[in-house]
Structures are given as structure tokens and as C-alpha cells.
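> Sending over a structure as C-alpha cells; questions will come in a sec.
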Amino acid sequence: MADCKITLPITDTNEVFVAKMKNMVQKAGGEISGNDNTGNFSIGSPMGSITGNYEISNGVILITITDKPFLISCSAIQGILEAQIK
């Protein structure tokens with residue numbers, strides 16, 4: 001399976017954005033580790049775990065999904081992330 005690469009703009013500082021992201025992942029029962037620039041995460045779903053990493057640079061976050069259930073598309077994940085990040 002090819003990785004899903006999702007690039008989204010962010011308007012907060014890296015520190016504020018990562019704090020919000022950590023809160024969202026933990027509320028969803030997931031795990032996240034890293035710093036204000038890079039890190040890794042894993043979130044469970046009824047169909048299986050979604051794992052990946054993130055890199056933040058110049059007001060943009062690059063999220064790479066490295067493992068996901070076959071039935072969850074990259075575009076579905078991107079739509080959920082876009083809704084949560086706004």
C-alpha cells in the first residue's frame with residue numbers, strides 16, 4: 001500500500017497547533033509523540049488502526065499515513081483531517 005500524503009495549511013504557531021492535535025488524538029483514544037516540528041501518531045478505528053507521522057514547516061503540516069485499513073481511503077482521511085483542523 002502506498003502512503004497517504006496530506007498537506008494542509010495551519011494558521012496557529014507550531015506549538016499551539018501541536019497542542020491542539022495532541023488533544024484531538026488523545027480524545028480519540030490514540031497516541032501521539034513528538035515535538036512542535038515532527039512526530040508520530042496512531043489512532044484506532046472500528047476497522048483498524050491508522051498510523052502515521054507529521055512534519056510542520058512554514059505554516060504547512062505534511063501528514064503521512066503509513067498504515068491504515070484497506071477500506072478507509074486516503075481522501076476520506078484527508079476530509080476528516082481538514083474538518084478537524086479548521
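Quick note: the coordinates plus some simple rules give every number you see, no bench work behind them. What you see is a predicted model; the values in this text were computed from it and never measured. In this analysis, Cβ positions are derived from the backbone assuming ideal geometry, glycine residues included, and neighbour counts consider all displayed protein chains.
> For a quick check, take a GNM of the chain with Cα springs below 10 Å and name the residue from ASP36, ASP67, ASP12 with the largest mean-square fluctuation.
Among ASP36, ASP67, ASP12, the largest GNM mean-square fluctuation belongs to ASP12.
> On a 0 to 90 degree scale, rounded to 10, what angle separates helix 14-27 from the longest Cα axis of the chain?
30 degrees
> Convert each backbone phi in region 65-78 into a coupling constant with the Karplus relation 6.51 cos²θ - 1.76 cosθ + 1.60 (shift: θ = phi - 60°), then list the ³J(HN,Hα) values in order as whole Hz, x for Gly and Pro.
8, 9, 8, 7, x, 4, 7, 9, 7, 4, 5, 5, 4, 4
> Please give the charge dipole size of the chain, origin at the Cα centre, charges +1 on K and R Cβ atoms and -1 on D and E Cβ atoms. Round to the nearest 20 debye.
Computed charge dipole of the chain: roughly 220 debye.
> Could you please tell me the mean projected area of the C-alpha convex hull for the chain, averaged over all directions and given in square nanometres to one decimal? Each step should come with its number before you reach the end.
On the way: hull surface 19.9 nm².
Result: a mean projected hull area of 5.0 nm².
> Hey, can you grab everything whose amide H is under 5 Å from the amide H of ASP36? Only 5+ residues off in sequence or another chain; H modelled, so Pro and N-termini drop out.
none
> Rounded to the nearest 500 deg cm²/dmol, what is the calculated helix-only ellipticity per residue at 222 nm for the chain, with -39500 (n - 2.57) per DSSP H run of length n ≥ 4?
-9500 deg cm²/dmol
> Hey, rough spin-label estimate for SER49 and ASP36, points 7 angstrom out along Cα→Cβ, what's it come to in nanometres?
Output for this residue pair reads 2.9 nm.
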